[in-house]
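The structure appears right after this line, and notes come after that.
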Amino acid sequence: MTARRIDGKASAAAIRERVAQSAAEFADRIGRPPGLATVLVGEDPASAVYVRMKGKATAEASMASFAHVLPATISEAELLDLVGALNDDERVDGILVQLPLPKAIDTEKVIAAIDPAKDVDGFHPLNQGRLFAGLEGLVACTPLGCLHLLKAELGSLAGLDAVVIGRSNIVGKPMAMLLLSENATVTMAHSKSRDLAAIVRRADIVVAAVGRPEMVRGDWIKPGATVIDVGINRIPTDDGKGRLVGDVAFDEAAAVAGAITPVPGGVGPMTIAMLMRNTLVAAHRRAGFAEPEDL
Ligand code: NDP
């Protein structure tokens, strides 16, 4: 391996520590800590794990956690009522509705019902539009975490060629907009792109957000490039437990790249750190305070 291994776990821990410090100062000033409400509908085991992790991280960041667990049978109207109540609750600075929602519920409608000032996931169309327009808003946590790692690794991204593979609303598109805002030259690749390997070979920065295990091979990587692997894929193993791999063939790519994120321990921990950061920022904006520095 020649590439530097980008330690997302360590970066995330450092951010969470700074968030905790700033959250404690916020509480001293205003008489209450920043608050994050989570809403979990149904019993999807992966979603339950994510929500538990987010609640734990919230408490560790000296913030208040309000957990709402609802049965899968809840109606859309009841869920919208809860979102409305959380919008009106002064103690709540951030609202996170864990996706996916049960099929009977219109996800877009629920996301659109969240107060954009409390939309710490950055999924509300207003926040997505603000990102597109280069205006201040709340940005989706995963791409924000990727950008943080890239800037820590590379400093200025100006003029670099960046290729984002994947164009989902929650990762690929906001990632491309963030890179553009940092003056990278951005290519968005997707399932219809022709000769993906050749596109990736041009890139100084590769962000893979596809959901296909080890699709990006070592010989696609330009020597010295920085590779951010968003993918989380479980592949079968002989012991039946399965193993997590990214969208990039790590060993091959690490032999060529300048720096690369591992899976797990790369982008994943940064997503939760950015959720804490977004909640802190939302709390400051709602209170009319200046933004916390260095976050
Ligand atoms: P989506 O399924 O919403 O999007 C996948 C994207 O990949 C689509 O734009 C699709 O293109 C593109 N794609 C699919 N096949 C190919 C291919 N053969 N060549 C090029 N592009 C292709 O996924 P998400 O964006 O939600 O997630 C992507 C990955 O990131 C998943 O593994 C997910 O688990 C992981 N993830 C990790 C997070 C973290 O915290 N680390 C958070 C969120 C996601 P098209 O649009 O043409 O269909």
Expressed as a rounded percentage, what relative contact order does the chain have, with Cα pairs under 8 Å and six or more residues apart? 22
So if R0 is 41 Å, what FRET efficiency would Ser181 and Ile235 give, r being the distance between their Cβ atoms, rounded to the nearest 0.05? 0.75
Flagged links, alpha-carbon separation over 27 Å, of Lys118/Lys241; Lys9/Lys109; Lys54/Lys103; Lys109/Lys241; Lys9/Lys103; Lys192/Lys222: Lys118/Lys241; Lys9/Lys109; Lys109/Lys241; Lys9/Lys103
Would you list the P(r) distribution for the chain, with all Cα-Cα distances sorted into 10 Å bins from 0 and each bin expressed as a whole %? 6, 27, 34, 24, 8, 1
How would you rank 197-207, 215-225, highest first, on the average number of other Cβ atoms within 10 Å across their residues? 197-207, 215-225
For a label point 7 angstrom out from the Cα of Ser168 toward its Cβ, which stretches of the range 97-128 have the backbone nitrogen within less than 16 Å? 97-102, 107-108, 121-124
Phi-based couplings in Hz for the range 110-115 (Karplus 6.51, -1.76, 1.60; Gly and Pro marked x): 5, 4, 5, 7, 6, 4
The range 127-252 - percent relative contact order, Cα under 8 Å, separation 6 or more: 20
Classify the range 158-284 as rounded, prolate or oblate, taking a ≥ b ≥ c as the square roots of the eigenvalues of its Cα gyration tensor: rounded when a/c is under 1.5, otherwise prolate if a/b is larger than b/c and oblate if not. oblate
Between Asp28 and Thr107, Cβ-based FRET efficiency (R0 45 Å, step 0.05) works out to 0.75
Rank by packing, highest mean first: peptides 240-248, 162-170, with packing defined as the count of other Cβ atoms within 10 Å averaged across residues. 162-170, 240-248
How far apart, in nm, are the 7 Å Cα→Cβ label points at Arg243 and Arg91? 4.6
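Got the relative contact order for the range 1-133 handy, in percent, Cα pairs under 8 Å and 6 or more residues apart?
Numbers: 161 pairs, mean separation 32.1, N = 133.
After rounding, I find 24 percent.
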Reported to two decimal places, what Rg/Rh ratio describes the range 19-74 when computed on Cα atoms with Rh from the Kirkwood expression? 1.10
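When ranked by the protection proxy of mean other Cβ atoms within 10 Å per residue, highest first, what sequence do the peptides 154-160, 140-146 form?
Descending packing order for the listed peptides: 140-146, 154-160.
Every number in this text was worked out from the coordinates using simple rules, so none of it is lab data. If you're wondering where the values come from, they're calculated on a predicted model, not measured in any experiment. Cβ atoms come from the backbone with ideal geometry, glycine included; neighbour counts cover every protein chain shown.
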